[in-house]
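Read the structure below first, then the notes.
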Amino acid sequence: MSTRRVVLVVGSGRSGTSTMAGTLKTLGLHVPQPEVAADATNPRGFGEPRWMVDLHDELLKRSNVQVSDARPRAWLDAGAISGDHATRERVTAWLEDQLTGHDELVLKDPRAAWFLGLWRACAERCGATTSYVTMLRPPTEVVASKQTNYGRMGAGSDRGTVTRTAAWVNMMLHTERATRGHQRRFVRYADLLEDWTRPVFALGEAFDLAAVKTAMAVDIAEVHRFIDPSLRRSSMSWDEIGAPPRLRDLAEETWQALDGLADDGGDSAAAHARCDELRVAYDDQYAEAEAFAHSSVLAARREAAARARDEAGPQGATGRDVADRVPHAVRAMVPPAARRGLRKALGRERGEA
Amino acid sequence: MVDIASLEGLPEYDVTWPWSAGDTLAPGLTCVFRVRNEARNLPWVLPPILAAVQHVVFVDNGSDDGTPDVARRVAQEAGAADRLTVLHYPHRVARAGGEHLATPATSVHSLTHFYNWCFSHVRTTYSMKWDGDMVLTPEGAGILRDLAWQLEATRAVVAMPRHPLTVVDESTGWLDLSLRFLEPWVYPMGPDTTFVKAFDWELREQPPGIERVVLQQGLVVEVKWLDADEYAHWRTDGVDFTNTRLYRKLREFEVDEAIRSGRADQLGGLVKVTAPPGVHVIDHVSRDWLWRQPRPLVTHSLPSSLRERVRA
């Protein structure tokens, strides 16, 4: 049996995914290089391979999906390009390259959730077993951390917290669905910060990770230095978030259901059925909100079309546009013969009738 | 409340749709098989399907080769016995073509009624017909498995190309890459996606303007066994089809004849595949060969020889 392992760290951004990836890296799993550089929002590094982030940016752009997208149908749009043959060949070649010399990889990028099928299929082509660790953090903390680190989403009265809450529900429920039936574990961010040895030891056993199972004392000491319990400092109340009661209730119920998945024996058929109910409820709620705000969608579409016309400039304008911009009185001053010539030049000749 | 009473007055074979029965549809995809004597193929066909969908409705139509038992055994071995429902439809179903045309749509002998009855047992939001000779590749199973939940937020029909594989012996086969056999397989369940009668066979209705998702090539092979000689009756009885979609059937016949007479490499569009020792050619093609081939696998939708014939 192959000893190749690909561990994907998934879950919402700001849920400890970087801490988990960094921990596994410190214990000896390989993070493909180069990595995205650390910054003020993640001073200890993201643990994200640059190549992977660039690929996901490209695929998200092609499928018109945002990193943090609240639309349930975004999963179909992103999934539709996951089966693309050329993309699979690229990812397989890159993975094969990474796995040569490193049997155990840890891959983390918040965008990866949209393309888990792609990574699983390509890992399989390379003879590697894929497993998933989903990081769990209450939505009130995730939204607060995003508000602090990524800024407000809108001017004036900020409803970005509502959008972020919806995107969290969408991301987490569908990530649960996408990884169901595969080798996976759920880890609470709080548990990782409180005593990382327990959840990480369990991962090593469940995923059969040699690096974790044979970790040296020096590496373990290094993880203790890497994990900073004071990291978990953001929180908001539901009142501060200001989500509509139905969304707040759904987010809270989603959190309860997901939180249970981290318990021993919690990843059960009953829990899956509960997640199915919540996903259907979210789809319904989103469809209703979309219908409610449909006028805004149409207005944005008109605005974008107008902007595209403006950007196209005079070169992009048709003959009709040019002619229509000339006042009627001026057009009337053009002699009939010259007018016929101009019409011909603009491709707008009149019929004889 | 019965939606379609069978013409013969057999209550057990009336059609009652779940929405009329007051049953709710759970999220997910159910695969519906209607089979007769497919025992030989099932060890290849069923496991990837069971890996991809939430439930399988398996309707046996008069097999005498132990098909239902093999289905149960394969599902058991896959740890999916609880996700397989085996049903029996004991009525002789009209053959596609003229016989179908002459049979009233609500008769238990009609393909239309047969399909409606089979699909009325589905209890998920999406359903998919599948044939007892279609083998999904592991990557195809992965894509369908994801679609089963990705489709939840919309109503769409999913079309999937398939590639006929004629098995000559355990290690050799001919794959037909000359035609794009692109048909819709996955539909949302609802009163607007039930079956109606068409000229040659049944037709699944779809709401106008419904979104259509087209899957990649190289995910499904349709297995034909040369030793089964399934086109033998064509040579003696002639072909019982009106000319709708005739070209596809003609191509299958042409391929079968060419392989039998040793002219397969002259026909065009056929690729010979030889499996490594100890590996069955179906496993080799579906697991290891297809994904390695350059794309597009199939470049044209109709070979010129057939184009001429259809026009004539």
Of the criteria (1) in a helix (DSSP H, G or I); (2) surrounded by fewer than 16 Cβ atoms within 10 Å (Cβ to Cβ); (3) touching a residue at least 60 places away in the same chain (Cβ under 8 Å), which one A:Arg198 fails: (3)
I'd like to know if segment A:34-50 contains one or more residues that are of a type outside the set (Asp, Glu) and in a helix (DSSP H, G or I). yes
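Would you confirm, using the coordinates I've provided, whether A:Glu124 is within 15 Å of A:Thr254 (Cβ to Cβ), outside any loop (DSSP other than H, G, I, E, B) and acidic (Asp, Glu)?
Values: within 15 Å of A:Thr254 (Cβ to Cβ): no; outside any loop (DSSP other than H, G, I, E, B): yes; acidic (Asp, Glu): yes.
Here the answer is no, as A:Glu124 does not meet what is asked.
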Looking at segment B:158-174, can you tell me whether even one residue there is over 16 Å from the mean Cα position of the chain (by Cα), closer than 30 Å to A:Val280 by Cα, within 14 Å of chain A (Cβ to nearest Cβ) and not aromatic (Phe, Trp, Tyr)? no
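Being of a type in the set (Ser, Thr, Tyr) and crowded, with 20+ Cβ neighbours inside 10 Å is the filter here; which residues of segment A:138-152 pass it? First the steps, then the outcome.
At the first step, the residues of segment A:138-152 found to be of a type in the set (Ser, Thr, Tyr) are A:140, A:145, A:148, A:150.
A:Thr140, A:Ser145 - these are the residues of segment A:138-152 that are of a type in the set (Ser, Thr, Tyr) and crowded, with 20+ Cβ neighbours inside 10 Å.
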How about segment B:278-298: which of its residues are more than 14 Å from chain A (Cβ to nearest Cβ) and in a helix (DSSP H, G or I)? B:Val281, B:Ile282, B:Asp283, B:His284, B:Val285
Restricting segment A:68-83 to residues that are open to solvent by 50 Å² or more (accessible area, probe 1.4 Å) and modelled with pLDDT of 95 or more, the residue that is farthest from A:Leu250 (Cα to Cα): A:Arg73
How many residues are open to solvent by 10 Å² or more (accessible area, probe 1.4 Å) and either in a loop (DSSP other than H, G, I, E, B) or within 14 Å of chain B (Cβ to nearest Cβ) (or both) when one looks only at segment A:172-195? 6
Given the conditions (1) surrounded by fewer than 15 Cβ atoms within 10 Å (Cβ to Cβ); (2) free of Cβ contacts under 8 Å to residues at least 40 places away in the same chain, report the number of the one that A:Thr3 does not fulfil. (2)
Quick check on B:Glu139: is it under 30 Å from B:Ala264 (Cα atoms), of a type in the set (D, E, K, R) and within 14 Å of another protein chain (Cβ to nearest Cβ)? yes
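Does A:Trp119 satisfy being within 11 Å of chain B (Cβ to nearest Cβ), in contact with a helix residue (DSSP H, G or I) (Cβ under 9 Å, 6 or more places away or on another chain) and among the aromatic types (Phe, Trp, Tyr)?
yes
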Could we say that A:Arg125 is open to solvent by 10 Å² or more (accessible area, probe 1.4 Å) and touching a Phe, Trp or Tyr at 6+ places or on another chain (Cβ under 8 Å) here? yes
Could you list, in sequence order, all residues of segment B:176-190 that are at pLDDT below 95, assigned to a loop (DSSP other than H, G, I, E, B) and open to solvent by 10 Å² or more (accessible area, probe 1.4 Å)? B:Leu177, B:Arg180
Which of the residues belonging to segment A:230-257 are open to solvent by 30 Å² or more (accessible area, probe 1.4 Å), assigned to a loop (DSSP other than H, G, I, E, B) and touching a helix residue (DSSP H, G or I) at 6+ places or on another chain (Cβ under 8 Å)? A:Arg232, A:Ser235, A:Met236, A:Ser237, A:Gly242, A:Pro244
Yes/no for A:Val334 being farther than 30 Å from A:Trp168 by Cα and at pLDDT below 55: no
Selected residue (criterion: surrounded by the most Cβ atoms within 10 Å (Cβ to Cβ)) from residues of segment A:201-228 that are within 30 Å of A:Tyr150 (Cα to Cα) and under 26 Å from the mean Cα position of the chain (by Cα): A:Ile227
What number of residues in segment A:84-107 are away from chain B (no Cβ under 14 Å), part of a helix (DSSP H, G or I) and open to solvent by 60 Å² or more (accessible area, probe 1.4 Å)? 1
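What do you reckon, is A:Thr163 open to solvent by 20 Å² or more (accessible area, probe 1.4 Å), at pLDDT below 95 and of a type in the set (Ser, Thr, Tyr)?
When the stated conditions are applied, A:Thr163 passes them.
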Is it the case, given these coordinates, that A:Arg111 is assigned to a helix (DSSP H, G or I) and either open to solvent by 40 Å² or more (accessible area, probe 1.4 Å) or more than 14 Å from every other protein chain (Cβ to nearest Cβ) (or both)? yes
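Select from segment B:191-229 the residues that are within 14 Å of another protein chain (Cβ to nearest Cβ), at negative phi and assigned to a loop (DSSP other than H, G, I, E, B) and list them in ascending order. I'd like the intermediate steps shown before the answer.
Filtering segment B:191-229 for residues within 14 Å of another protein chain (Cβ to nearest Cβ) gives B:210-220.
Next cut, at negative phi only: B:210-217, B:219-220.
B:Ile210, B:Leu215, B:Gln216, B:Gln217, B:Leu219 - these are the residues of segment B:191-229 that are within 14 Å of another protein chain (Cβ to nearest Cβ), at negative phi and assigned to a loop (DSSP other than H, G, I, E, B).
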Test of understanding: among B:Val32, B:Val53, which residue is more than 14 Å from every other protein chain (Cβ to nearest Cβ) and either surrounded by 21 or more Cβ atoms within 10 Å (Cβ to Cβ) or polar (S, T, N, Q) (or both)? B:Val32
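Would you say A:Glu252 is more than 14 Å from chain B (Cβ to nearest Cβ) and within 21 Å of the chain's Cα centre (by Cα)?
Numbers: more than 14 Å from chain B (Cβ to nearest Cβ): yes; within 21 Å of the chain's Cα centre (by Cα): yes.
The answer is yes for A:Glu252.
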Number of the exception - A:Ala270 against (1) open to solvent by 50 Å² or more (accessible area, probe 1.4 Å); (2) under 23 Å from A:Val162 (Cβ atoms): (2)
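The values are calculated or read from the model by the stated rules, or taken from the named source; none is laboratory data. A quick note: this is a predicted structure, and the numbers were derived from the prediction, not measured. Counting neighbours? That spans all protein chains shown, and the Cβs are built from the backbone with ideal geometry, glycine included. Accessible surface is based on the protein model in full, side chains and every heavy atom, while ligands, DNA and RNA are left aside. Shrake-Rupley method; radii C 1.70, N 1.55, O 1.52, S 1.80 Å.
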